[in-house]
Amino acid sequence: MRNFAGRGGEDLLIPVVESGEAVRHLYQPQDAIAPISIEHDCDQAFDEEGLLEYEYNHLVYTFEIAGQTISARSYLDSIREVSLIGLPEGLDLSCEGMQLIMHYLSRRYQVIRGPGAKGQETIWQSGSASGER
């Protein structure tokens, strides 16, 4: 865990993502970062007969850290999970800005997915998501 000063100057414990390891999160009562936008998108496709082929109903969170845009998407049919998407190449997930984003998302979702060796993989999971109580 790393300690970062919160908006009021108090220390916040932020989960640190180590490469390939899931970490635990300790509840904190406030966010040290906020998204610059939250969009609710619904993508639909219909066949020639007008029947719905698919629908993607999702929220997209957009953050800005160090001049870079970071996005996370959660599909409403699997609302306990969020995925980091379109991360800048070479971005260090353990940098302070990413840890603030991880903290924000971990307060809202039970599972955070991100880039791994084989595509998207779980990079953080709450105890309740893994079956622990």
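The values are calculated or read from the model by the stated rules, or taken from the named source; none is laboratory data. Model, not experiment: these values are computed from the prediction. Every residue, glycine among them, receives a Cβ derived from its backbone with ideal geometry; neighbour counts consider all protein chains shown.
Which one of the conditions (1) surrounded by 12 or more Cβ atoms within 10 Å (Cβ to Cβ); (2) touching a Leu at 6+ places or on another chain (Cβ under 9 Å); (3) at pLDDT below 90 does GLY116 fail to meet, given that it meets all the rest? Just one mismatch for GLY116, condition (2). For region 67-92, a residue qualifies if it is within 20 Å of SER126 (Cβ to Cβ) and assigned to a strand (DSSP E or B), and the qualifying residues are ALA72, ARG73, SER74, TYR75, GLU81, VAL82, SER83, LEU84. Of the candidates ARG80, ARG113, ARG73, the single residue that is of a type in the set (Lys, Arg), in contact (Cβ under 8 Å) with a residue 40 or more places away in the chain and on the phi < 0 side of the Ramachandran plot is ARG80.
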